[in-house]
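See structure below.
The values are calculated or read from the model by the stated rules, or taken from the named source; none is laboratory data. Quick caveat: nothing in here was measured; it's all calculated off a predicted structure. FYI the Cβ positions are ideal-geometry reconstructions off the backbone, even for glycines, and counts take in every protein chain you see. What goes into the accessible areas is simple: the full protein's heavy atoms, side chains included, and nothing from ligands, DNA or RNA. Shrake-Rupley method; radii C 1.70, N 1.55, O 1.52, S 1.80 Å.
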Amino acid sequence: EFPLGSTYLQRRRLHPADMSGWRLKIHRKRVPKGFDKIEDKLDAFDEKMKEAVEASHEGLRKNETTWPVTKFHWLRNRFIYEAYYKKKIISRELYDFLIRNKVADGALIAKWKKKGYEYLCSMLAIDKSASNFGTTSICRVPLNKRSQEQQVLPAVNTGCVSC
């Protein structure tokens, strides 16, 4: 066992050049208790994110190449949100640590706590400056209120059909 207060890097005996993703953000920081409960899952999301970035983009539109990255970003943040708010398997200290070190997207998780935004796919979906007409993304419109042409059309910037 490692002494209390040892950094993540000291405990894992990793060199910064061998790390990627969230590990680089916290490698010199003291990690709160309970981090080992979610570490494997964060590693799995990191691997999926790498695969999505390195995947072939042949035959895809420019916007479609970022859709898998948005999906895995949502999944990782949803896991952290549910681990803290729903299942209560991580402490407030660990949750704050993850947000402060940008392992979790604090703005997105804050929106999920508000009524009507429980399953928001991305902050891009509600960013009015990202659309041509100053409105939110098509994925924010309920499927039953869309016209026939827009029925299952994914949002251009996120790839989300309905959130």
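When all protein chains stay in place and ligands, DNA and RNA are ignored, the 1.4 Å accessible-area order of V31, V141, largest first, is V141, V31.
Taking 0.36 nm per intervening residue step and subtracting the Cα-Cα distance, what contour gain separates E64 from Q150 on full extension?
On the way: separation 86, 0.36 × 86 = 30.96 nm, distance 1.73 nm.
Going from the current span to full extension adds 29.2 nm.
Taking region 55-163, which GluC sites (Glu not before Pro) meet the DSSP loop condition and have no more than 12 other C-beta atoms within 10 Å? Write out the running numbers ahead of the final one.
Numbers: sites: E58, E64, E82, E93, E118, E149; in loops: E58, E118.
Those satisfying the criteria are E58, E118.
Kirkwood analysis of region 40-103, using all unique Cα-Cα pairs, places the hydrodynamic radius at 13.1 Å. Using a simple spin-label model with pseudo-atoms 7 Å out from Cα toward Cβ, K50 and L75 lie 1.5 nm apart. Applying the criteria of a DSSP loop state and at most 13 other Cβ atoms within 10 Å to the trypsin sites (Lys or Arg not before Pro) of region 73-137 yields K87, K88, K102, K113, K114, K115.
Compared with the rule-of-thumb size 2.2 N^0.38 Å for a compact globular protein, region 72-163 has a Cα radius of gyration ratio of 1.21. Each listed q (0.20 Å⁻¹) maps to a log10 I(q)/I(0) for region 113-163 from the Debye sum over equal C-alpha point scatterers, namely -0.66.
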